[in-house]
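Take a look at the structure set out below.
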Amino acid sequence: MWAGVELSNTDFSDGELRQEQEFIDGLYARVDALRGDAEDSVADALAQGDTPMQARLERDILVAERSGLLAALNAVDGSLCFGRIDLANGDSHHIGRIGLRADDADRTPILIDWRADVARPFYLATGHTPMGLRRRRHISTEGRRVSALHDEILDLGDTTRTGHEDPTGDAVLLAALNSARTGRMGDIVRTIQADQDRIIRAPHRGVLVVEGGPGTGKTAVALHRAAYLLYEHRELLARRAVLIVGPNPAFLGYIGEVLPSLGETGVLLATVGELFPGVKATATDTPEAAAVKGRADMADVLAAVVRDRQALPDPVVAIEHDREVLMLDDDLVNVARERTRAAKLPHNVAREHFEGHILNTLTDMVAERIGTDPYDGSNLLDASDITQIRDELAGNPEVWSAIDQLWPRLTPQRLVADFLADPEGYVGDEDAASIRRPVTRVWTVADVPLLDEAAELLGEDDRLVRAHAERERETQVAYAQGVLDVSYASRTYEFEDKDDEDSEVLSAHDIIDAERFAERQEEEDHRSAAERAAADRTWAFGHIIVDEAQELSPMAWRLLMRRSPTRSMTLVGDPAQTSEAGGVGAWADILQPYVEDRWEHTRLGVNYRTPAEIMDVAAAVVRAENPDFQPPGSVRSTGVRPWARATDDLPGAVEKAVAELTPSEGRLAVIAPRDLHRRLAARLDGVTAGAEPDLARSVVLLDPRQAKGLEFDSVLVVEPGRYGTSDLYVALTRATQRLGVVHTGELPKALADALA
C-alpha cells in the first residue's frame, strides 16, 4: 500500500510492531503530502495579488478550506492512529483522530475517523458482545514511532496470539490515568468507555443532562460529544456553530487543546462573562451581590427600570415653535406613552411610534391655533397644510430634545450602570446595599446576564444604521456609475473611427448597470461561523454545551436559552459541587421554565481521576451533611493515604509541603483561600498571585472555584476549615496521585475523622 515509504529508524524484530510501524509511516507520508499540497495552494493563492472579484472570492474560499485542513493535520500530528479492529470476516480497520482516504479511484478508506459508525465497536465490543470483532488493538505511539501494542481477544474461539495480549484490557486506560499531567486536558479518544460513548453519540436534538461526580470524565465526554456532533451534522453545525460555555478563563485554557487535537477548530469557547459582544467581564462580585443579580426576578426589575425611563412631564414640557410655546402636559404624553406601549415593542424600537404620536399631538396643537375660523370654529387647513406643519415641527430641535427627555434612546450598558448606581426602590434595602456601586466601565461576570436582558428589553433602533448604510450604498453606486461612464467613453473613443460592424462590440456599460456593478464589489464576510457568532448577541447556535452547569444563575440561563431557540443542548455538571451563591443546582429547577420535563438525564458513575484513598476522604466530608450521598466509584488505588499537618507558620509549612509533593513530572496545585495568596506566593518560586493562573507551570496557586474542572498530579489544600462543603469537596478531588492538607485552625470534624 505504501510504495516507496521508508520505515522509522527502529529495530523491529517483532513482526506485529513492524507491520504497525509500516502502516503508521505510510499514514504520515500521506499526511505530509496533504500538508505540502495545502501549504503550496495557500501560498499560490495568496501570491495572486489583485484579481477580479469572482477570482478573489474563489481564492478566499480556497485559503479558508486549506487553512482549516492544515489546522486539523497539525493538531493531530502527534498521535494520528491509536487503534485497530480485526473483524471476524478477516477485514481490519485502523482507527484514528481523523479519516484519511487513498488517492485511488475508489477513494479507499485508509484511516477510519473515530466518530464513524464503523469505529464504534472499538469502544463498545466486549467478550460477551463482540459486535463482529475478533480482536481489538490499542496502538501506543511516541510521536511517529510505535512504542507498544495492547491486544484484546474478543473471539475466544480464535487461538491466534500475537504476544501483545492484554488479559484485562485495562492497560491503556490505566497508563493514561497514571500519566503525569501537563496543565492541559488531553483527549480521551483512545480510551472512551462504553457509558461515555453512548453519551457522546446521543441524538443531537433536545436537552441532554450529563451528571457526574469528580473524575468521571464528564467534561471530556462533553468535548468529544461536540467533536462527534460536528462530524455527524457537519453542514448544520458548521453554519450555526457550537458554543461551549465554561466556568472561568483558566478552565477554557485548560480544555482549549482538546477539540483541535480531534481535528475540530470551529467551536466557540467562552465564559458567561464573554457572551455580550464588546464586553469581557472578568471581575467578580461578592457572593451576596452575585446571588441578587442572578435571581430570576431581576428580569422584572430591569423591565421596571426601562418603564420608568419612559417618563411623563413634571408638570409640563415647554417647546418653543414659530415664536409660540407649545405645552406637553402629563395627560397628553401619557396617551402617547400608553399607545406606544400597546405595540409591545422593545423600548428603542418603540421610540419611532412614540415620536409619531408626539409629532401628531403637537401638529394638532399648531393646526388648532392657526387654522381655526374665529367665527364658526371650522378648520381652514387642508391635508397639505397639516403635512407642512408636521414637517416643520420635525425640523425643530426643541421637539427632539423633548422626545429625548420623555423616551430616551438607551444602551444596555447605560441602563444597567445607572440601575446599579441607584437600585433603591427596585429591590429591597439589603439587596440594594449589596449591589450598589458607582458608575464604572468595569463589568462583573454577574453583570453580563443583566446586560443581555437589558438588550432584549431595549432592542435596537436601527434607523440611523440603515440611513448610514443607504448613504454608503449611494456612494458606491455613484462610484460604480463613474467607472462605467469612463469605460463607455473610452470604448466610444476607441471605435469612433471604425466601421459600424466593429462598433457593435459590447462594453460593460451595455451588460451591467451601476447598482449591480456596485453589489459585485461588496466584500464577502469570510469569517468562520464561530467568529461571526462571537460578535452577534442574537446568534442562534446549532448546539450549546455548558460545563459546570449547576453553577449558573437563573439570569445566566435566560441568556443561554436565547442563544438556543431549538433547545439543542448538552448540560454537564454535578449538583454536589454547587458553590456559587446564585447557582440553580437542581436540574429540574434549571430546565422546567424552558422545556418543562422534556429533557433526558444520564449519570456517569465511575471515577477515573481520583484514587480510592482520596475519594473516601472527600466523600466523608459530604456525607457529614448528606448521609445518603453516593460518590462515584474509583477504578484504581495508589496505596498512598492523604495526610494533614497542623502548623503555626502557614507560609513555611506550605513551602515545605510543596517541596515534598511537587512531582518530578506533572503538576501540583496549592488550593487556598484567595486572601492568603499573596503571603503564600511570596514563599513559592515562580508563583504569582492575582493573575490568571498559568496551568502549564509545575506549581500553581488557586482558590477552590478556580480549581473547578481541573486536575493535577498532587494537591495541597490550605486552611480547609474556611471552605464551605461544596468548595472543600472540589478541592479534595482534584488530585490524581497525592493529597496533603495544611492548616492552622481546627479541621472540619468529618475531614479530621477521615484523615485519622
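The values are calculated or read from the model by the stated rules, or taken from the named source; none is laboratory data. These numbers come from a predicted model, not from an experiment. Counting neighbours? That spans all protein chains shown, and the Cβs are built from the backbone with ideal geometry, glycine included. In case anyone asks, the SASA skips ligands and DNA or RNA and just uses the protein heavy atoms, side chains included. Shrake-Rupley method; radii C 1.70, N 1.55, O 1.52, S 1.80 Å.
Descriptive notes on the structure:
- Any hit, the range 256-270, residues being part of a strand (DSSP E or B), touching a helix residue (DSSP H, G or I) at 6+ places or on another chain (Cβ under 8 Å) and free of Cβ contacts under 8 Å to residues at least 60 places away in the same chain: yes
- Residues of the range 260-283 that are over 12 Å from the mean Cα position of the chain (by Cα) and modelled with pLDDT under 90: PRO260, SER261, LEU262, GLY263, GLU264, THR265, LYS280, THR282, ALA283.
- Residue-level check: of (1) within 35 Å of the chain's Cα centre (by Cα); (2) open to solvent by less than 50 Å² (accessible area, probe 1.4 Å); (3) closer than 22 Å to LEU174 by Cα, THR638 misses just (1).
- Checked against (1) open to solvent by less than 30 Å² (accessible area, probe 1.4 Å); (2) among the hydrophobic types (A, V, I, L, M, F, W, C); (3) in contact (Cβ under 8 Å) with a residue 60 or more places away in the chain; (4) part of a loop (DSSP other than H, G, I, E, B), VAL687 passes all but a single condition, namely (3).
- Those residues of the range 595-612 which are free of Cβ contacts under 8 Å to residues at least 60 places away in the same chain and surrounded by 13 or more Cβ atoms within 10 Å (Cβ to Cβ), in sequence order: ALA612
- Positions within the range 165-178 being surrounded by 15 or more Cβ atoms within 10 Å (Cβ to Cβ), part of a helix (DSSP H, G or I) and not small (Gly, Ala, Ser), in sequence order: VAL172, LEU173, LEU177
- Filter result for the condition that a residue is within 28 Å of the chain's Cα centre (by Cα) and open to solvent by 50 Å² or more (accessible area, probe 1.4 Å), over ASP648, ASP694, ASP675: ASP694
- Residue check, ARG722 touching a residue at least 40 places away in the same chain (Cβ under 8 Å) and out of contact with any Pro (no Cβ under 7 Å at 6 or more places or on another chain): no
- Check on ILE112, assigned to a loop (DSSP other than H, G, I, E, B), within 25 Å of TYR28 (Cα to Cα) and under 33 Å from the mean Cα position of the chain (by Cα): no
- Residue selected from the range 340-355 under the condition closer than 15 Å to SER401 by Cα and surrounded by fewer than 21 Cβ atoms within 10 Å (Cβ to Cβ), by the criterion nearest to the chain's Cα centre (by Cα): GLU352
- Scoring ASP314 on the criteria (1) surrounded by 12 or more Cβ atoms within 10 Å (Cβ to Cβ); (2) modelled with pLDDT under 95 leaves a single failure, condition (1).
- Cβ pairs under 8 Å, 6+ apart, first in the range 316-339 and closer than 17 Å to SER401 by Cβ, second open to solvent by 80 Å² or more (accessible area, probe 1.4 Å) and basic (Lys, Arg): GLU324/ARG369
- For the range 356-399, residues that are under 23 Å from ILE319 (Cα atoms), of a type outside the set (D, E, K, R) and open to solvent by 80 Å² or more (accessible area, probe 1.4 Å) total 3.
- Filter result (surrounded by 14 or more Cβ atoms within 10 Å (Cβ to Cβ) and assigned to a helix (DSSP H, G or I)) within the range 406-431: LEU406, PRO412, GLN413, ARG414, LEU415, VAL416, ALA417, ASP418, PHE419, LEU420, ASP431
- Scanning the range 144-164 for residues that are open to solvent by 60 Å² or more (accessible area, probe 1.4 Å) and not in a loop (DSSP other than H, G, I, E, B) yields a total of 1.
- Number of the condition not met by VAL670 [criteria: (1) assigned to a helix (DSSP H, G or I); (2) hydrophobic (A, V, I, L, M, F, W, C); (3) buried (at least 20 other Cβ atoms within 10 Å of the Cβ)]: (1)
- Residue match in the range 185-196 (condition: modelled with pLDDT under 85 and either part of a strand (DSSP E or B) or more than 26 Å from GLN630 (Cβ to Cβ) (or both)): no
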